[in-house]
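Read through the structure below, which is laid out as structure tokens, and then see the notes.
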Amino acid sequence: MFGGAVTEPPSTTPSPSAASERPEFRRARLAVLFLQASYPLTTAEIAAQVYNNPADYELGRKPLSADSARKALKRDIDALKATGLIIDAAGKTEDGQNLWEVNRELSFTQGVALSEEDAAILDIACLPLLDDPGFPERDELRLALTKIDRLFDAAATDALTASAARDSDVLVAVREALNARRALDISYTARNGSTTTRRVAPLAFFDIRSTLYVVCSLIDENGTLAAGSERTYRLDRISRAQRLDHIAFEIPGDFDADSFRKLPFQIGPASIACSFSIPIELCGALSVASYGKGTFTRTGTGTIWEIEAADLDAAAAWAIAYGIRPLAPEALVAAWRARLREAMRHG
């Protein structure tokens, strides 16, 4: 406190460490980190996210030493292998750090038995997605969790039941058309307020800050996709969506949904080359948060991240939120400094 320190009596209970967290929860965090990463992760990056995450300190857990984190990682990699997720060594960095990545060819090639405790943990871990507007497969997830509960003669949780039937008619129509590979007639209102009717083929969903988007291509009566017509539609601007069962299509083999996903500061017509300096302990987290977008170049002390932006002020805010420092252009650095000064003034 500013007025003077308050002395607390010494605790006789030892502080828990990250290793004291229930192993299945820690391993779930490790699995999510690896499955979302777009490049091999160093042991230090993994330790910063899983074993020495700042959120753990708030819970009173002590950080693990580098040696303890390495040993815990090895145990957890072995445990995940038993579940079907294979994590292999992927060489070393220039400074000698071990690199790790998912073996996507060998992972999940066989079914894995699920215990009753595993099923309960899966329920708890997945429940937030059922109310996340940015997750389009809520119905499918809800059905899968309900089936798992029934396998163990367990009643579905209240949250599972209460979250049913909240999806909009438009979302249901678009999602079903995508799953069935059928065209849609949609009425779409652009940002300027104009509304048009279009015949489209839905190709993929993604979300930005819990706002759902769908990537569509224009399509003709014969089911032929118009080359180069792919664009992103904000779902809440689609006022009508009618599925056309007589027009089927196939998603092109070279279609990459991730190429259409944008970060908040990339929304807009401008395209400005930006670069950021990322501390080594944040590289893994940033790879996940940025969906692997941009170019990551490792240096001796961290990583340089190069990415295009449409809104420099939004990019500056994003940099502050994630604890990274902009390097260029100067206008981005100036916006970042201005936001920091404003934050200091309002304390």
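The values are calculated or read from the model by the stated rules, or taken from the named source; none is laboratory data. These figures come from a predicted structure and were not determined experimentally. As a convention, Cβ positions derive from the backbone with ideal geometry for all residues, glycine included, and neighbour counts pool all protein chains shown.
May I ask you to verify whether GLY292 is touching a Ser or Thr at 6+ places or on another chain (Cβ under 7 Å), surrounded by 15 or more Cβ atoms within 10 Å (Cβ to Cβ) and in contact (Cβ under 8 Å) with a residue 24 or more places away in the chain?
Working: touching a Ser or Thr at 6+ places or on another chain (Cβ under 7 Å): yes; surrounded by 15 or more Cβ atoms within 10 Å (Cβ to Cβ): yes; in contact (Cβ under 8 Å) with a residue 24 or more places away in the chain: yes.
So GLY292 fits the description; yes.
Yes/no matrix, rows are residues, columns are (1) under 22 Å from LEU33 (Cβ atoms); (2) without any contact (Cβ under 8 Å) to a residue 24 or more places away in the chain; (3) polar (S, T, N, Q); (4) not assigned by TED's automatic domain parsing to the domain that holds LEU218:
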{"residue": "ALA270", "(1), (2), (3), (4)": "no, no, no, yes"}
{"residue": "CYS274", "(1), (2), (3), (4)": "no, no, no, yes"}
{"residue": "GLU281", "(1), (2), (3), (4)": "yes, no, no, yes"}
{"residue": "VAL288", "(1), (2), (3), (4)": "yes, no, no, yes"}
{"residue": "ALA335", "(1), (2), (3), (4)": "no, yes, no, yes"}
{"residue": "LEU340", "(1), (2), (3), (4)": "no, yes, no, yes"}
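Check off (1) assigned to a strand (DSSP E or B); (2) within 22 Å of the chain's Cα centre (by Cα) for GLU281 and give me the number that stays unchecked.
(1)
List the number of the failed condition for PHE206; all other conditions in (1) under 21 Å from ASP254 (Cα atoms); (2) more than 25 Å from the chain's Cα centre (by Cα) hold.
The single condition PHE206 does not satisfy is (2).
If you go through region 246-273 one residue at a time, how many are surrounded by fewer than 16 Cβ atoms within 10 Å (Cβ to Cβ), outside any loop (DSSP other than H, G, I, E, B) and at pLDDT below 85?
Adding up the residues that qualify gives 3.
Consider region 216-245. How many of its residues are over 17 Å from ALA180 (Cβ atoms) and in a strand (DSSP E or B)?
8
Among the residues of region 41-74, how many are modelled with pLDDT of 75 or more and assigned to a helix (DSSP H, G or I)?
So the answer is 18.
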